[in-house]
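Derivation of every value follows stated rules applied to the coordinates shown; laboratory data play no part. Computed from a predicted structure; not experimentally measured. Positions of Cβ are generated from backbone atoms using ideal geometry, with glycine treated the same way; all protein chains shown enter the neighbour counts.
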């Protein structure tokens, strides 16, 4: 199986002015593509060559001799998930039902935003902020370094924000908090997030 760069779910300029086509051309066209290319090269003649992306991730996590495979496979998955977490004219509040779930866990929608932003801003170096469902079925905010992802921690991902510098630096320079605020207010695709809830 050759892994492919998945099609973006919107046009390259669809998230402007919040994320520019310039950023997406590098982030999607160069970085995401590089992870796909690297993964295919690493899997050539490998026992996992015909495995699905999720299977590659699960079977390579925590294995020192497969670190390169895990990092690239997880980053292919993370980026694909991240693109779907955003949409043109996104942001705002989720449906009443999902808003209620957030309120039950975090106290209020505003408190959820505050805690999610805190996780994203305080992730040292490169990584991701996530809203997940943990093993006990509870909503939880998680932050992971580099390529790490909820799947490796038996959690189901609902939402992610990429806080690697290449995700925002061309548009926001060192102002990561402004990028996170913009993501929460103007970009989140709540329909996608809610559709990830375990049935």
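Observations on the structure shown:
- Gaussian network model of the chain, springs between alpha carbon atoms under 10 Å - residue of 97, 157, 74 with greatest fluctuation: 97
- Exposure proxy shown here: for 148, 162, the number of other Cβ atoms within 10 Å sets the order, fewest to most, as 148, 162.
- Between the beta carbons of residue 2 and residue 22, assuming R0 = 22 Å, the FRET efficiency works out to 0.15 to the nearest 0.05.
- For segment 82-199, radius of gyration divided by Kirkwood radius, i.e. Rg to Rh on alpha-carbons: 0.94
- Spread of Cα-to-Cα distances over 5 Å intervals beginning at zero, given as percent, for segment 41-120: 3, 13, 16, 15, 11, 10, 13, 10, 7, 2, 0
- Distance in nm between pseudo-label sites at residue 122 and residue 99 (7 Å out along the Cβ direction from Cα): 2.7 nm
- Cα-based radius of gyration of segment 51-96 once divided by 2.2 N^0.38 Å, which approximates compact folds: 1.59
- Dividing the helix sum by the residues of the chain, where each DSSP H run of 4 or more adds -39500 (n - 2.57), gives a mean residue ellipticity at 222 nm of -12500 deg cm²/dmol.
- With neighbour counts taken as other beta-carbon atoms within 10 Å, the residues 161, 113 rank, fewest first, as 113, 161.
- Comparing Cα centroids, segment 1-71 and segment 85-131 end up 25 angstrom apart.
- Neighbour counts of other Cβ atoms within 10 Å put 121, 61 in the fewest-to-most order 121, 61.
- Legend: translational diffusion of the chain by Stokes-Einstein, Rh = Kirkwood radius over C-alpha pairs, 4 °C, 1.567 mPa s; D = 75 µm²/s.
- Projected area averaged over orientations for segment 90-139, convex hull of C-alpha atoms, nm²: 4.3 nm²
- Note on residue 49 and residue 175: their simple-model spin labels are 5.0 nm apart, each label 7 Å out from Cα toward Cβ.
- Cα Rg, Dmax, segment 21-84, angstrom units: 12.1, 38
- Cα-only radius of gyration and Dmax that characterise segment 142-199, units Å: 13.0, 40
- Take every Cα pair under 8 Å whose residues are at least 6 apart in sequence, average their separation, divide by the length of segment 1-111, and the relative contact order is 29 percent.
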